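First comes the structure, then the notes that go with it.
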Amino acid sequence: MENTIEKLKGKLIVSCQAYEDSPLYGSDTMARMAKAAEIGGAAGIRACWPNDILAIKKVTNLPIVGINKVITAHTDPSSDVIITPNFDAASVICDTGVEVLGLDCTPRNRTYQDIAALISQIKEAYPKTLIMADISTLEEGIQAARNGADIVSTTLAGYTPYSTQQEGPDLELVEQLARAIDKPINAEGRYWTPEEVLAAFDKGAWCVTVGSAITRPELITERFTKTIRQYWESK
């Protein structure tokens, strides 16, 4: 466990995910994306769903942060939690042998006690698997650390209605977390430039995860075309 955390210190994790509406959807494509990230110097991969994770494990030995995005609206319409929302969702990811499990630790339609119980259940069943708590506020990060998370991540900052809404990454939250808790901080969410990544390290991040800016060419292209369109509209 400690070895995995040390491998990620001061390094980049690349998130390789694609939904069905993306041209890149598919385990084979995500495995190729992960291998490309490794060649580029990534120290870890964040990946979703068992099939993608198993495909990625065939092409790289990098540590994997595994998540399981589950749409829960059909069972719980009031819940917005989709990143590994329960033990069943967690177990199929842990069974793939990932080093780290990404877990939504926001108290949306549940209590911090519920989250603590879930973390405890996962740790009892999978003692070798680290837990990365995806949070959106300082309070959530502090509670996640108290509840046994091994890494605290700003993944959901700006993606819950009550967290700070901004275009760029929430560097202030990274700094606040680094000062408030003694767990490694993974900075994640809207990191588009190397300069923003370095700023996160300056604020106390242990590691930084970048997704769309590297692995979603449709969004990268859109940023260019939007800028060009705005340029011509201003003429």
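Some notes on this structure:
- Among the residues of segment 191-235, the one identified as loosely packed, with under 12 Cβ neighbours inside 10 Å and small (Gly, Ala, Ser) is 234.
- Of all residues making up segment 1-35, the number that are of a type in the set (Gly, Ala, Ser), modelled with pLDDT of 95 or more and surrounded by fewer than 16 Cβ atoms within 10 Å (Cβ to Cβ): 2
- Test result for residue 54, part of a strand (DSSP E or B), in contact (Cβ under 8 Å) with a residue 40 or more places away in the chain and within 30 Å of residue 36 (Cα to Cα): no
- Hey, residue 183 of a type in the set (D, E, K, R), open to solvent by 40 Å² or more (accessible area, probe 1.4 Å), within 30 Å of residue 123 (Cα to Cα) and not in a helix (DSSP H, G or I) or not: yes
- Residue ID - nearest to the chain's Cα centre (by Cα), chosen from residues in segment 202-229 that are in a helix (DSSP H, G or I) and of a type in the set (Ser, Thr, Tyr): 212
- Top-ranked residue of segment 140-180 - restricted to ones that are among the hydroxyl-bearing types (Ser, Thr, Tyr) and under 18 Å from the mean Cα position of the chain (by Cα), ranked as nearest to residue 127 (Cα to Cα): 153
The values are calculated or read from the model by the stated rules, or taken from the named source; none is laboratory data. What you see is a predicted model, and the numbers here were worked out from it, not measured in a lab. Reconstructed Cβ throughout: ideal geometry from the backbone, glycine too, with neighbour counts over all protein chains shown. When the accessible area is computed, the model is the full protein with side chains, heavy atoms only, and any ligands, DNA or RNA have been set aside. Shrake-Rupley method; radii C 1.70, N 1.55, O 1.52, S 1.80 Å.
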